[in-house]
Amino acid sequence: MVKVLIPTKPDDNDALYVKLALEKRGHECVVWYTADFPQKQTHSFELFQNKIYWSARGVDFRVNPDDHFGVVWYRRPRQPCLPDAIHPDDIPNARNENLALFKTFWHVLAPNAFWINPVDASNKASCKLLQLRVAMEVGLNIPDTLFSNDPGQIKVFIDRYNNENVIYKTLHPLIWINQEEMRLTYTNEIKIENLPSDTILQYTPGIFQNKVAKQFELRVTYFGEHYVAVKIDSQQDQRSKMDWRNVPGHQLQLSEFQLPDEIDAKCKALMRKMGLVMGCFDMIVTPDNEYYFLEVNEQGQFLWVEEYLPDVRMLDMFCNFIINGSMSYGKASPKPVRMTDLRSHIYDLKKDVMDKHVKPADRY
């Protein structure tokens with residue numbers, strides 16, 4: 001039996017599916033909602049007789065000093081959320097103290113576990129500039145790209161592509177939430193006449209890239225040495241031509257895809273250089289069958305693939321990866337656990353989790 005720890009946030013469906021699947025296969029899974037600290041959690045680290053002992057208590061969460069986790073899926077942990085009871089003048093100091101302890105967790109807990117992904121690698125992988133640099137180093141094509149808050153440099157870059165073929169991306173997902181809706185920022189074309197004032201440009205750095213012609217797009221998910229590639233026929237729908245995330249998943253044209261060996265090798269080389277054991281790659285395939293790397297999300301959503309392509313056993317494959325705790329493992333199970341087997345349990349479990357746990361700000 002493998003004991004698995006999953007630090008995450010309450011609204012993460014993938015974590016709940018994996019928990020149920022692992023338990024169905026006879027393994028122990030502890031889901032840790034990190035934003036409950038300090039309001040609904042206590043943590044203690046005791047150094048005694050040349051050892052360090054971690055104990056923790058919280059809502060549906062308990063870690064004893066003698067617990068040993070074989071695998072840590074460093075999913076989507078969120079920072080401590082402070083209670084309203086703290087005096088406003090004390091909030092900066094209280095936040096600093098809680099963050100100081102919170103950041104300590106990842107350096108000392110489960111030192112012998114297999115981490116998906118290692119914390120240092122996870123932090124590095126959040127840097128899109130570094131991703132693109134490493135992609136070039138391993139021989140992957142990337143779009144011509146500018147990271148900048150210099151209005152003059154931005155205009156020169158856009159003009160270089162005749163003011164017609166540049167797209168804009170944010171460095172971090174932008175989300176606006178009110179009582180009625182949630183809005184996200186997706187990839188968009190941009191022209192010089194669409195730019196805001198130079199002051200706004202300087203205050204809000206962004207990513208500018210030449211627009212690469214698309215035949216179709218790929219989402220390639222690596223679990224260790226194995227991958228699942230999905231072809232997304234984004235150019236068949238006007239809404240998804242620029243960014244396929246504009247279209248609900250059930251309306252996308254999806255199919256399983258086999259990567260050329262050369263591209264597979266380069267993706268694996270990128271993961272090795274970044275220290276990743278898991279990653280979700282976004283790529284473009286041009287009309288000339290050239291492959292362009294866009295980015296890798298080290299903890300991207302992946303079960304949506306099985307939701308729309310039920311024969312692609314993402315859940316069972318990921319569980320095999322966890323259970324084996326290594327880069328190499330058997331992809332297929334004699335009796336695979338499917339998402340459809342667990343779907344009837346997810347909704348009640350999700351409601352229970354959301355009711356009990358702190359709903360954090362969307363930040364690590």
Original post:
Dimensions of segment 213-298 along principal axes (Cα, Å, largest first)?
Top reply: 37, 27, 19
Original post:
For the residue pair R338 and F147, what label-to-label distance in nm results when each label sits 7 Å from Cα along the Cα-to-beta-carbon direction?
Top reply: 4.3
Original post:
Want the number for Y161 to A85: 0.36 nm per residue separation, take away the alpha-carbon distance, what's left?
Top reply: 21.9 nm
Subject >> Estimated vicinal HN-Hα couplings, Hz - segment 299-308 in sequence order (Karplus 6.51, -1.76, 1.60; Gly, Pro = x) >> reply: 9, x, 5, 9, 6, 4, 4, 5, 4, 9
Original post:
What is the set of long-range amide H partners of F216 at a cut-off below 5 Å, with H atoms built 1.01 Å from backbone N?
Top reply: V285
Original post:
What are the lysines whose alpha-carbon lies under 21 Å from the alpha-carbon of K356, with same-chain residues fewer than 8 places away excluded?
Top reply: K9, K19, K40
Subject >> Size of charge dipole - segment 184-228 - debye, nearest 20, with Cβ of Lys, Arg +1 and Asp, Glu -1, no other charges >> reply: 120
**OP:** Can you tell me the dipole magnitude for the chain around its Cα centre, using point charges on the Cβ only (Lys, Arg +1; Asp, Glu -1), in Debye to the nearest 20?
**Re:** 580
**OP:** Wrap a convex hull around the Cα atoms of segment 272-364, take a quarter of its surface area, and give that in square nanometres.
**Re:** 9.4
Original post:
For F147, F293, what's the fewest-to-most ordering of other Cβ within 10 Å of each Cβ?
Top reply: F147, F293
**OP:** Could you pull out every one of the lysines with an alpha carbon less than 18 Å from that of K331, ignoring same-chain neighbours closer than 8 positions?
**Re:** K24, K268
Subject >> Acute angle (nearest 10 degrees) that the helix 13-24 long axis makes with the longest principal axis of the chain, alpha-carbon atoms >> reply: 50
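Could you work out how much longer the chain between E225 and H172 gets when fully extended? Use 0.36 nm per residue separation minus the Cα distance between them, nm to one decimal.
16.3 nm
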Original post:
What is the calculated FRET efficiency for R62 to D198, with r their C-beta to C-beta distance and R₀ = 51 Å, to the nearest 0.05?
Top reply: 0.40
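Could you give the size of the charge dipole of segment 293-345 about its Cα centre, using +1 on the Cβ of each K and R and -1 on the Cβ of each D and E, expressed in debye and rounded to the nearest 20?
260
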Original post:
Which listed residue (Q209, P360, L140) has the Cα farthest towards the positive end of the charge dipole for the chain, taking +1 on Lys and Arg C-beta and -1 on Asp and Glu C-beta about the Cα centre?
Top reply: P360
Subject >> For the chain, average projected area of the Cα convex hull in nm² >> reply: 21.2
**OP:** Find which of W73, M339, W304 sits farthest along the positive direction of the dipole of the chain, computed with +1 on the beta-carbon of Lys and Arg, -1 on that of Asp and Glu, about the Cα centre.
**Re:** W73
Subject >> Three-way shape call for segment 36-162 based on the alpha-carbon gyration tensor, with the a/c threshold at 1.5 >> reply: oblate
Original post:
List the lysines whose alpha-carbon lies under 21 Å from that of K211, not counting same-chain residues fewer than 8 positions away?
Top reply: K128, K155, K169, K191, K231, K241
Original post:
Among D67, D89, D14, which comes first, then next, by fewest other beta-carbon atoms within 10 Å?
Top reply: D89, D67, D14
Original post:
Of I91, I263, how do they rank once you tally other Cβ atoms within 10 Å and put the fewest first?
Top reply: I91, I263
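Values in this text are rule-based calculations from the coordinates and carry no lab data. All values derive from a computational prediction rather than experimental measurement. Here Cβ is always computed from backbone atoms with ideal geometry, including for glycine, and neighbour counts include all displayed protein chains.
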